[in-house]
Amino acid sequence: MKIEPLEKEHAAEAVRSIYEGIEKKSGRVNNMLKVMAHKPDVLGPFLEFYKQVWAPGALDPKIKELAYLRTSLMNGCTYCSRAHTASAKKRGVTDEQVQALKEPGGSTRDIFTDTERAALQFAEQLTAWPAAIQPADLETLGKFFNTEQIEELVLAVSTANLTNRFNEGMKVPVDV
């Protein structure tokens, strides 16, 4: 079965209203949201949650992007990897860093700061086997980040895992 993105003209009024708000802000509605629109009661709260995760906060946006991108690459999510490669570059991630994130062990290279490496290592742990996170892992992370920053990092990685699984599970077509 193929689940198609829900276009505005076929959407319920509540969804059309959400689409219009997105279009005013960014010019278009991406396919992930169009697929999620089949569940309008999820779409609205998801957008609010996602907005809060990416709102300016204590954690450097570049760190959030690095963690999100590494998570998406680990999960093999083409949709999110493509989208977050573009947004990461807007936040200062270099082509060399993007390439390193694609390679096994690349996140430990010296092109990343100690702080970036700590965030990437934690993102990898949280993505690969979250139950294996130990208090010592948080202690290590605490050498680079405060509590609020760690929470924002965990939210960014968790959101990446959620969107990766949604996009891959629904086979959302990559935006052109």
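The values are calculated or read from the model by the stated rules, or taken from the named source; none is laboratory data. Fair warning: this is a prediction, and the values are worked out from it, not measured in the lab. Don't worry about glycine lacking a Cβ; one is built from the backbone with ideal geometry, like all the others, and counts go over all protein chains shown.
Worth pointing out:
- Where L120 falls short, out of the listed (1) modelled with pLDDT of 95 or more; (2) over 18 Å from the mean Cα position of the chain (by Cα): (2)
- Residue satisfying condition, being among the polar types (S, T, N, Q), out of contact with any Ser or Thr (no Cβ under 7 Å at 6 or more places or on another chain) and modelled with pLDDT of 95 or more, within set T127, T108, T78: T78
- Meets criteria (among the β-branched types (V, I, T) and either surrounded by 17 or more Cβ atoms within 10 Å (Cβ to Cβ) or modelled with pLDDT of 95 or more (or both)) for T94: yes
- Of the criteria (1) touching a Cys at 6+ places or on another chain (Cβ under 6 Å); (2) modelled with pLDDT under 95, which one N167 fails: (2)
- Members of region 82-108 found to be over 22 Å from V172 (Cβ atoms), of a type in the set (G, A, S) and in contact with a helix residue (DSSP H, G or I) (Cβ under 6 Å, 6 or more places away or on another chain), listed by number: G92, A100, G106, S107
- Among the residues examined, S72 qualifies as buried (at least 17 other Cβ atoms within 10 Å of the Cβ), in contact (Cβ under 8 Å) with a residue 12 or more places away in the chain and touching a Cys at 6+ places or on another chain (Cβ under 6 Å).
- Qualifying residue in region 133-156 (condition: of a type in the set (A, V, I, L, M), out of contact with any Pro (no Cβ under 7 Å at 6 or more places or on another chain), in the same structural domain as L73 (by TED's automatic domain parsing) and closer than 21 Å to L43 by Cα): yes
- Taken over region 5-16, residues that are modelled with pLDDT of 95 or more and either within 18 Å of D175 (Cα to Cα) or not aliphatic (A, V, I, L, M) (or both) amount to 7.
- K62 meets all of the listed conditions (1) more than 22 Å from I150 (Cα to Cα); (2) among the basic types (K, R); (3) surrounded by 14 or more Cβ atoms within 10 Å (Cβ to Cβ) but one, namely (1).
- Test: residue in region 51-66 that is over 25 Å from Q121 (Cβ atoms) and touching a residue at least 60 places away in the same chain (Cβ under 8 Å): no
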